[in-house]
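Contents: one structure, followed by commentary.
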Amino acid sequence: MDSRYFLALSLCFLCFFPDLSFSSVRVPKWLSEKKTEESVLRLKTGASSVTFDPTRVTQLSWHPRAFLYKGFLSEEECDHLITLAKDKLEKSMVADNDSGKSIMSEVRTSSGMFLQKAQDQIVTDIEARIAAWTFLPEENGESMQILHYEHGEKYEPHFDYFHDKANQELGGHRVATVLMYLSNVEKGGETIFPNAEQKMSQPKGANWSDCAKSGYAVKPYKGDALLFFSLHLDATTDTNSLHGSCPVIEGEKWSATKWIHVRSFDKPVKRSSSDECTDDNDNCPLWAKAGECAKNPVYMVGSEGFPGNCRKSCNSCSS
């Protein structure tokens, strides 16, 4: 297992959440009861610990950063998520690039539905496991979306980060996506990364669809989970994260998606207007004392058309 995987996760975690405690990550029952073996990594989370086996994780690409966890979900968990969604599916929507509103499009022809967060114990355990693996807190995640693709259905290549300001207001950009495969697919249905650096070097035989041959592709196997990042470590958008779902040729495809944002999705930050003398973050006085008003003026004080987040603590309000 390449040690750079853990370095990348740690750097990503520190980049976006420098003041976050590991205690905010809930420990799933199946992890806390797992026997310790030589290959298992154990992380302390307050009074408890989280364990997972790094040998089950494979680095697929560094551009974009993408990793595959074999057997992330059990067969029973996969079947349970499908059962929760089966009778509640609706036509999948996409976000309009200008308005940010959800609209129907032939770009995406699957059906889907959203579960509630912590809907039951199994969903709760999976959400905690995702937080432990990604080093990103549960509150930054959207509700899990269950998707169903029948013959010929697909999702053309797209980005998970936003092009419109409206969606960025709630939690900011999506920094990471965890895509869990809930079923095997006889043929087609691969996840495709058309811009990935490895696309030309990946060997592909007759069992790959033509769509999968146009980029780096991941075959859907029941229980596996794909983690990829839509932002670089400096929080800029990564165009290499362009991805899609190839058309299903034989069989059907079930998957579960968890989108994770750079900030809390449960507790949106209320931005103050330029004429309000306020702080938008509880840490502003601390940051100001540490000299961040001068070191990071765009965020702290603001720039033209962008009110700063810590104007009160930086004493930068207009009289």
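The values are calculated or read from the model by the stated rules, or taken from the named source; none is laboratory data. Remember, it's a predicted structure, so these values are computed and weren't measured experimentally. Neighbour counts are summed over all protein chains in view; Cβ atoms, including those assigned to glycine, are modelled from backbone coordinates with ideal geometry. Side chains are part of the model used for accessible areas, which takes the heavy atoms of the whole protein and leaves out ligands, DNA and RNA. Shrake-Rupley method; radii C 1.70, N 1.55, O 1.52, S 1.80 Å.
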Checklist outcome for this item: In nm, the gap between the two label points placed 7 Å beyond Cα toward Cβ at CYS277 and ALA294 is 2.3
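ALA235: net charge of surrounding residues, Cβ under 13 Å, Lys/Arg +1, Asp/Glu -1, itself excluded?
My count for the surroundings of ALA235 gives 0.
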Item to check | Ranked by how many other beta carbons lie within 10 Å on average, peptides 249-259, 187-197, 155-165 from highest | outcome: 187-197, 249-259, 155-165
Next on the checklist: Please compute the per residue accessible area over the range 185-319 with all protein chains in place, 1.4 Å probe, rounded to a whole number of Å².
Outcome noted: 51
Item to check | Mean-position separation - Cα centroids, the range 204-222 and the range 170-189, in angstrom | outcome: 15
Item to check | Rg to Rh quotient for the range 185-319, alpha carbon positions, Kirkwood Rh | outcome: 1.21
Next on the checklist: What FRET efficiency comes out for LEU286 versus GLU76 if R0 is 35 angstrom and r is the Cβ-Cβ distance? Round to the nearest 0.05.
Outcome noted: 0.15
Checklist entry - Can you pull the semi-axes for the range 167-210, root of five times each eigenvalue of the Cα gyration tensor, sorted largest first, whole Å? => result 29, 16, 8
Checklist entry - Counting Lys and Arg as +1 and Asp and Glu as -1, what is the net charge of the other residues whose Cβ lies under 12 Å from the Cβ of ILE82? => result -2
Checklist entry - Taking all protein chains as present, what is the carbon and sulfur share of the accessible area of the range 179-319, in % to the nearest whole number, probe 1.4 Å? => result 52
Item to check | Percent accessible area from carbon and sulfur atoms, the range 104-170, protein chains only, probe 1.4 Å | outcome: 51
Checklist entry - Does a label point 7 Å from the Cα of ILE122, set along Cα-to-beta-carbon, have any residues of the range 223-242 with amide nitrogen under 16 Å, and which are they? => result 223-224
